[in-house]
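Input: a single structure, listed below in structure tokens.
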Amino acid sequence: MHIVVCIKQVPDSAQIRVHPVTNTIMRQGVPTIINPYDLYALEEALRLRDQHGGEVTVLTMGPPNAEDTLRKALTFGADRAVLLTDRFFAGSDTLATSFALSSAIAKVAQVYGAPDIVFTGKQTIDGDTAQVGPGIAKRLKLLQLTYVSRIADLDLAGRTISVERRSEGGVQQLRTTLPALITMLEGTNDMRRGTMKDALRAARAEVVIWSAKDAGIEDLTKCGLRGSPTVVKRVFAPGPRAEKAEMIEITPAARDTADSLLDAIFSRQPKLEADIAAAQAAL
Amino acid sequence: MTEAPKPAAPAAAGSRASMKKELPEHFKAYKHVWVYVEVERGQVHPVSFELLGEGRKLANKLGVDLAAVVIGPPDEGTRTAVAETFCYGADLAYLVEDPLLTHYRNEPYTRALTDVVNTYKPEILLLGATTLGRDLAGSVATTLLTGLTADCTELDVDADASLAATRPTFGGSLLCTIYTLNFRPQMATVRPRVMAMPERVEKPVGRVITHKLDMVEDDIVTKILSFIPDRDAGKANLAYADIVVAGGLGLGGAENFQLVKGLARVLGAEYGCSRPVVQKGWQPYERQIGQTGKTIRPKLYIAAGISGAIQHRVGVEGADLIVAINTDKNAPIFDFAHVGLVTDAVRFLPALTDAFIRRLSPHNRDRLAG
């Protein structure tokens with residue numbers, strides 16, 4: 001069995017700071033991490049490999065230093081890492097990203113064998129769109145299983161997979177055929193601690209580095225800025241609300257401050273008092 | 001695995017915007033605003049009505065029609081859904097009815113929506129950013145090779161009639177406005193509760209254009225084995241609560257959430273938290289408020305020890321009254337709160353809870369205080 005896991009290097013969001021004057025992101029010194037949602041996908045892939053045998057290839061598109069992210073994935077136990085990096089990919093939106101990644105997966109299939117399953121995380125913590133997984137599925141004609149909370153059964157001989165999928169108002173149990181693309185829901189497993197053996201192997205392992213040409217991409221107009229139908233016109237911070245906040249004076253007795261706050265709340269929302277009283281009566 | 005915040009955002013934005021050309025000839029026939037109406041088990045998801053309200057405004061600005069697209073099985077629920085869309089502002093509805101569409105599956109729903117778009121050519125297509133809507137939107141946009149902007153917090157029409165879709169970016173620390181300039185339709189998703197629910201006005205069913213699903217069951221590979229409904233489905237929840245009390249890192253520790261819950265209980269409110277609180281493991285994800293958590297529109301929102309990052313702001317701005325309690329007088333939450341207190345929430349919340357008990361429930365005082 002061959003599984004490809006798509007991961008992304010993202011800035012550690014807890015450390016992002018916005019420049020107070022220019023409203024741009026201050027990226028200097030912000031550490032990068034594997035997109036946390038991707039870890040659930042990676043762990044699920046490793047579990048399936050441990051149960052059924054085969055190989056896990058991790059794939060990312062990003063700047064040259066995204067190699068660090070791939071090496072981290074190798075320490076968890078991935079068998080192979082491929083970095084897709086090229087200046088032609090700069091400025092890719094989700095459509096261009098799914099084109100590049102699906103091209104690379106097709107190349108991976110040629111070189112290392114066709115994947116039975118492609119995994120992605122539910123979404124990233126920086127873009128938050130959840131669109132690239134479905135985009136890859138559509139381009140590679142993989143059956144699409146998003147928001148998967150559990151893999152109930154994998155039948156490699158029969159070429160079928162059964163999963164539980166989070167849907168609106170409940171859980172769908174689905175069965176489909178391989179090859180499939182799965183986006184894994186968060187909280188569905190716990191990432192393993194890599195073994196010492198894997199750590200040593202990861203340190204020495206060669207990360208496969210592909211340019212657009214290496215990945216077999218001929219049509220560069222589908223890549224990067226040129227291949228992106230969406231255009232970011234403006235990045236900005238919202239201004240303060242026109243009406244300034246009414247600041248409640250802090251008095252030495254918290255009790256008096258609290259009473260002032262209640263006066264402010266009920267003078268602005270007079271009906272709330274009756275609503276809350278009714279809710280309390282119903283308790 | 002998603003849209004990359006570009007390292008060189010300002011420069012890149014400039015060069016992209018300057019790439020705008022005349023809209024290609026074959027896209028000029030694309031007209032009207034569409035809303036995909038999400039129906040599952042006979043129920044319309046409220047986000048679809050919220051989007052009809054927003055779509056109505058866009059259609060009026062453009063001077064075009066607002067159409068609803070309903071996809072589902074031939075039954076009472078689907079027909080009711082079609083009728084309801086007119087009460088929420090649709091001028092016409094497109095309907096794809098087939099027993100194969102009884103439950104949501106990516107393959108037939110993608111085919112149905114893609115076919116209707118290719119046949120009737122809308123300029124704007126809006127979907128709810130639910131698990132269903134996100135699953136469907138990504139597939140449809142990739143099939144059509146057009147732009148899709150996820151989780152928009154504001155939609156508008158520019159002077160040149162293109163859709164200006166604003167959403168948080170860089171992990172919710174800034175906002176950006178995104179255009180799909182040279183492709184049609186311009187697609188966008190919006191999370192539930194981000195847009196206001198429009199008023200329902202009784203209207204007769206208008207023009208309904210039916211479209212046939214060009215598939216048979218054998219064409220569909222994925223089979224549904226069963227559906228397990230959530231046990232708490234239909235119960236009042238955070239997104240629809242009238243009063244919400246939430247805590248942030250300013251509470252200092254997981255144990256202090258007792259103070260938030262205590263106040264919520266006295267107010268008959270739901271409680272929630274900010275994103276860092278979930279990242280710290282103090283509260284589960286279901287309680288997260290903000291762009292990647294729940295969007296709320298309560299009558300009263302009390303934020304205790306929350307600094308008010310943009311990703312939080314976009315999730316609470318629909319509240320009628322925002323009260324912020326924070327020790328830092330420069331915290332961004334005071335930029336959008338209506339009423340503010342610069343004080344330590346951990347010390348203040350017990351006094352506030354007590355004040356509500358004294359004011360509101362002379363009869364229940366002892367019980368509530370316990």
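Taking the stretch A:226-241 as the search range and keeping residues that are loosely packed, with under 14 Cβ neighbours inside 10 Å and at the interface with chain B (Cβ under 7 Å from one of its Cβ atoms), which one is nearest to B:Ala303 (Cα to Cα)?
A:Pro240
I'm checking my understanding of the structure. Among residues of the stretch B:156-183 that are surrounded by 24 or more Cβ atoms within 10 Å (Cβ to Cβ) and more than 7 Å from chain A (Cβ to nearest Cβ), which one is farthest from A:Gln131 (Cα to Cα)?
Per the stated criteria, the residue is B:Leu163.
Considering the stretch A:72-121 alone, what residues qualify as being facing another protein chain (nearest Cβ under 9 Å) and within 24 Å of A:Ile161 (Cβ to Cβ)?
Hits for the stretch A:72-121 are A:Ser98, A:Leu101, A:Thr120, A:Gly121.
Residue by residue, here is whether (1) under 30 Å from A:Ala278 (Cα atoms); (2) part of a helix (DSSP H, G or I) holds:
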| site | (1), (2) |
| --- | --- |
| B:Asp218 | no, yes |
| B:Val221 | no, no |
| B:Val244 | yes, no |
| B:Tyr271 | yes, no |
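Based on what the data block shows, is B:Asp242 touching a residue at least 40 places away in the same chain (Cβ under 8 Å), more than 8 Å from chain A (Cβ to nearest Cβ) and either more than 30 Å from A:Val235 (Cα to Cα) or not small (Gly, Ala, Ser) (or both)?
For B:Asp242, the condition - touching a residue at least 40 places away in the same chain (Cβ under 8 Å), more than 8 Å from chain A (Cβ to nearest Cβ) and either more than 30 Å from A:Val235 (Cα to Cα) or not small (Gly, Ala, Ser) (or both) - is not met.
Please pick out the residue among B:Ser173, B:Ser226 that is free of Cβ contacts under 8 Å to residues at least 12 places away in the same chain and of a type outside the set (Lys, Arg).
Testing whether each residue is free of Cβ contacts under 8 Å to residues at least 12 places away in the same chain and of a type outside the set (Lys, Arg) leaves just B:Ser226.
Count, please, the residues in the stretch B:89-112 that happen to be more than 17 Å from B:Asp214 (Cβ to Cβ) and away from chain A (no Cβ under 14 Å).
Number satisfying all stated conditions: 5.
Of the conditions (1) surrounded by 24 or more Cβ atoms within 10 Å (Cβ to Cβ); (2) more than 10 Å from every other protein chain (Cβ to nearest Cβ); (3) of a type in the set (A, V, I, L, M, F, W, C), A:Ile136 satisfies every one except a single condition; which number is it?
(2)
Considering only the stretch A:33-142, give the helices (runs of 4 or more DSSP H) lying wholly within it that have at least 2 residues that are of a type in the set (Gly, Ala, Ser) and assigned by TED's automatic domain parsing to the domain that holds A:Ser162.
So the answer is A:36-52, A:94-112, A:132-140.
Scanning for something within 18 Å of B:Gly147 (Cβ to Cβ), hydroxyl-bearing (Ser, Thr, Tyr) and either touching a residue at least 12 places away in the same chain (Cβ under 8 Å) or touching a helix residue (DSSP H, G or I) at 6+ places or on another chain (Cβ under 7 Å) (or both), does the stretch B:34-46 turn up at least one residue?
yes
Quick test of your reading of the structure: A:Arg175 fulfils all but one of (1) in a strand (DSSP E or B); (2) more than 8 Å from every other protein chain (Cβ to nearest Cβ). Name the failing condition by number.
That leaves (2) as the condition not met.
With A:Pro31, A:Pro115 as the choices, which residue is farther than 15 Å from A:Gly216 by Cα and free of Cβ contacts under 8 Å to residues at least 24 places away in the same chain?
A:Pro31
Tally up the residues in the stretch B:284-294 that are away from chain A (no Cβ under 13 Å) and buried (at least 23 other Cβ atoms within 10 Å of the Cβ), please.
Adding up the residues that qualify gives 2.
Pick out the one residue from A:Phe89, A:Phe76 that is of a type in the set (Phe, Trp, Tyr) and crowded, with 24+ Cβ neighbours inside 10 Å.
Criteria check complete, one pass: A:Phe89.
Could you list all residues from the stretch B:141-155 that are facing chain A (nearest Cβ under 9 Å) and crowded, with 24+ Cβ neighbours inside 10 Å?
Hits for the stretch B:141-155 are B:Ala141, B:Thr142, B:Gly147, B:Leu148, B:Thr149, B:Ala150, B:Asp151.
Provide a single number: the residues in the stretch B:336-370 that are part of a loop (DSSP other than H, G, I, E, B) and at pLDDT below 95.
Residues meeting the conditions: 5.
A quick yes/no check of all residues on (1) modelled with pLDDT under 90; (2) within 11 Å of another protein chain (Cβ to nearest Cβ); (3) over 30 Å from B:Thr189 (Cβ atoms); (4) surrounded by 12 or more Cβ atoms within 10 Å (Cβ to Cβ):
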| position | (1), (2), (3), (4) |
| --- | --- |
| A:Met191 | no, no, no, yes |
| A:Asp198 | no, no, yes, yes |
| A:Val208 | no, no, yes, yes |
| A:Glu243 | yes, yes, yes, no |
| A:Glu246 | no, yes, yes, yes |
| A:Thr251 | no, yes, yes, yes |
| A:Ser267 | no, yes, yes, no |
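Go through B:Leu213, B:Leu263, B:Leu267 for me and flag whichever is crowded, with 17+ Cβ neighbours inside 10 Å and within 15 Å of B:Arg287 (Cβ to Cβ).
B:Leu263
Hey, among B:Gly252, B:Gly281, B:Gly272, which residue is at positive phi and surrounded by 12 or more Cβ atoms within 10 Å (Cβ to Cβ)?
Answer to the check: B:Gly252.
The values are calculated or read from the model by the stated rules, or taken from the named source; none is laboratory data. Keep in mind that this is a model prediction, so the values were computed, not measured. All Cβ positions, even for glycine, are placed from backbone atoms using ideal geometry, and neighbour counts span all protein chains on display.
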